[in-house]
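Structure first, then comments.
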Amino acid sequence: MKLYGILTVIFCLSLLCGAGNAPGTETGPEAGKIAPSFTLKDVGGKDVSLSFYRGKVVLLNFWATWCPSCKDEMVPFNNMYAALKDKGFVVLAVSVDPSLRPLKSFASEKGLAFPVLWDKDKEVYFDLYAVLGLPITFLIDRNGVITEKIIGDRDWSSPEMKNKIQSLINRK
C-alpha cells in the first residue's frame, strides 16, 4: 500500500474514533454550551477575541477561500452585518487558509466589513471547536452561549436565516 493510502486510512480511522473520544460522544462545542473564547489576528494583523463581543449576537463562521460554498456565504454575511451591526450583531469569519495572501485579497475584493480572522495553525478550527469540514457556523447569543451549530452552507439571505438572527437580536 502506498504511503498516501496508509495516511488516508489513519486519518479516516481517527475521524471515526473521534480522535480519542468514545463513539457517540460530543466533540467540540454544541448548542447550549458557552462558546470557547479565542484570540486570532485579523487580516490587518490586529488581535481580535471572541470575548470582545460578549453582549452581542455573534455569527462565527469557519471557512476558506479555496471552498466555493464558503465564499458564496461571504457576501450575504456582509449584507446581514451591514444591516444589523447597529443592533448588536457581528460576524466573525475564521479562515483556515494556508496563506494570508488569498485571504486578504478576497476580503478586500468583496469589501468585507466584518472581522476576517486567520487561524493559520488551525488551533481554533480543529483543537478548540473540533471542526472537521467547511463551512460551519455557530450562532452565539449575547451571553456567549451557542444557540445553534450549522454544518454546511446556507442561503443567509433567506427569510428563515434572517429570522433566526433577528430573533437572537430581539432576545435581551
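Only one entry of A19, A31 meets the criterion of being at pLDDT below 95, within 20 Å of V124 (Cβ to Cβ) and in contact with a Lys or Arg (Cβ under 8 Å, 6 or more places away or on another chain), and that entry is A31.
Scanning segment 81-98 for residues that are surrounded by 15 or more Cβ atoms within 10 Å (Cβ to Cβ) and either closer than 13 Å to Q166 by Cβ or of a type outside the set (A, V, I, L, M, F, W, C) (or both) yields Y81, L84, G88, F89, S95, D97. Taking every residue in segment 105-116 that is under 17 Å from W66 (Cβ atoms) and pairing it with any residue that is surrounded by 12 or more Cβ atoms within 10 Å (Cβ to Cβ) and β-branched (V, I, T), at least 6 positions away or on another chain, the pairs with Cβ-Cβ distances below 7 Å are F106/T65; A107/V43; A107/V116; K110/V75; V116/V43. Before we move on, is R101 surrounded by fewer than 14 Cβ atoms within 10 Å (Cβ to Cβ), more than 13 Å from the chain's Cα centre (by Cα) and closer than 16 Å to W66 by Cα? So R101 passes the test.
Annotation: of all residues in segment 104-131 being of a type outside the set (D, E) and surrounded by fewer than 14 Cβ atoms within 10 Å (Cβ to Cβ), the one that is nearest to L59 (Cα to Cα) is G111. Among the residues of segment 64-112, the ones that are under 25 Å from N143 (Cβ atoms) and either of a type outside the set (D, E) or in contact with a His (Cβ under 6 Å, 6 or more places away or on another chain) (or both) come to 15 in all. Residues of segment 123-134 include at least one that is among the small types (G, A, S) and under 12 Å from the mean Cα position of the chain (by Cα).
The values are calculated or read from the model by the stated rules, or taken from the named source; none is laboratory data. From a predicted model like this one, the values you see are computed outputs, not experimental measurements. Positions of Cβ are generated from backbone atoms using ideal geometry, with glycine treated the same way; all protein chains shown enter the neighbour counts.
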